[in-house]
1. Can you grab the distance from the C-alpha centre of segment 636-663 to the C-alpha centre of segment 491-530, Å, no decimals?
2. Arrange the peptides 469-480, 664-675, 382-393 so that the one whose residues have, on average, the most other Cβ atoms within 10 Å appears first.
3. Would you give the gap between the C-alpha center of segment 39-82 and the C-alpha center of segment 543-568, rounded to a whole Å?
4. Multiply the residue gap between residue 273 and residue 678 by 0.36 nm, knock off their C-alpha separation, and tell me the result in nm, one decimal place.
5. Quick one: what Rg and Dmax do you get for the chain from the alpha carbons, in Å?
6. Any chance you could list P(r) for segment 171-325, counting all Cα-Cα pairs in 10 angstrom bins from zero, rounded to whole %?
7. Would you calculate the separation in nanometres between label points at residue 174 and residue 510, each defined as 7 Å from the Cα along the Cα-to-beta-carbon direction?
8. Round to the nearest 0.05 the FRET efficiency obtained for residue 233 and residue 65 when R0 = 30 Å and r is the Cβ-Cβ distance.
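Nothing in this text is a laboratory measurement; each read-out follows from the coordinates by a stated rule. The shown structure was predicted, so the numbers you read here are calculated from the model rather than taken from an experiment. All Cβ positions, even for glycine, are placed from backbone atoms using ideal geometry, and neighbour counts span all protein chains on display.
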């Protein structure tokens, strides 16, 4: 008996007699990718014994076609005292799949799960290159390329999905074909690449088994994180599928986030000890004139009424407003922004618990502990913690009339809380914390469907496709200097759509000790217009935002910023939210390496128009030919800018084969043009 699930792009079959999983990408030469060996689809370790789909009995298969464009297979396997439902989703017109499991205790005795691999895939011997990203504060999306010639592990054990490494990989076959994977999970995760007998490798992973144990009482169940696998002819083809499926099926959208709004945020220019109601009102007025659509109040609004209070120490006391800085509270700020036709948002680190926060003394049952020591956060793995998170966010939204909440998380929970009086056990505190956090976000989304939820974690240290199913966008990094921005965008968009990425243009930091590259002064008389355009256009690649002291900008900088805002709103953001993205150059690196030209092409799905960004970085050659992708060879394309530039016309074949030669940009120069078929 063979149970088959097929689309035009991807075929999956499950054979009862051999328990064989097979995947091939039709017409693109992916016959190298197939399950062999023991034919496992997944693996789970229960009471110390490893089980796979090949060692368990398949007892039922169901199909769910309720979601248009999605085929959902549920295969039920049974073992001694437990069942495993294996879920597989295939998205039409793509080679993207999701897999995860639900493990259920069906016997009279409890079982303990200590490892669960959401996928297991064997690939034959061959030449493969492994690509993944390391990550730390200000060092997100640092590429690592290595031959797959021995056992490899890509993982995070610090409690945040992007601290240490990002939950993503790309495996390139000698043919050029790419298999990519991503764990949709915000805590600890792992990908393993293990040699198998006779050659080849088994790929597996999902939830990390380090310090993890989940005991299921009779009738209880647990769900593993989703693992996404994508096949493509190259990295661009892979990333476009992530983006298309994300936009259609994963990302929540409000009317505001769907617009891809222009944001002003107070943070780097004022931080907490220089912001006040008066200053914020001044910036709101200028934001209105510039065309900004959302004004964000970051940290500094809460805590004791002391001008010297430090925001980090008082996280958790969200019921206390610093009335020295904001004597009338928050609501007048929202009312001012709304009266001017803009939206208003606030920052909140809802999970965090600062060392001086009174919350720990008032509500000790909320505190996450490991071996009796405070971990610095509220454990949402407890019903009380989960309810605290929901009730607090609900109050902030209603009391302050919020349109947007920026949700930060500035700590490493490691293996998480191991209290046993929280409703979770010692081995599953981090797992239950994230499940509770997800439920809080889902509940807020249901009750306030028009409030935008932005994810942030020390910048970009919790960027994952699990959280992105509950929030509107990820903030990419705290630093925002130009080459860093380009490295981030190149890396993040390998699995996150540009309209789900938020980052700011080069900011002026008031920070007393900024990192050396993060020194920008918009009032510097040596600042040239082409440099400011370069800094600003980099931010326009994704959701566009900036953090500047707007009342202190020189007149010409104010005018250029206003122009850029209008260009983004009138022309660029349509591409950011709809178009396929192509990397036309390699990844630049913040240390001065990598490709020193950076170019990206946006192509609308109906091929009616293209947008081209080109940046010449410091140290770049004087000229570069940029080859565009997927144009119509025999069609003529007109190349025009948004401020009167006209670069003439050219055949699509020439633009793809020879390229557009750029030889008139200075270092820190940029080009932003449409490439439109005539």
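1. Going from one Cα centre to the other spans 29 Å.
2. Details: 469-480: 23.9, 664-675: 18.2, 382-393: 19.8.
Put in order of decreasing packing, that is 469-480, 382-393, 664-675.
3. Distance between centres, Cα-based: 54 Å.
4. Values: separation 405, 0.36 × 405 = 145.80 nm, distance 5.47 nm.
Separation in residues times 0.36 nm, less the Cα-Cα distance, equals 140.3 nm.
5. For the chain, the Cα radius of gyration and maximum Cα-Cα distance read 25.5, 77 Å.
6. 8, 20, 20, 23, 19, 8, 2, 0
7. Rounded to a tenth, the inter-label distance reads 6.0 nm.
8. Working: r = 28 Å, r/R0 = 0.94.
FRET efficiency, residue 233 to residue 65: 0.60.
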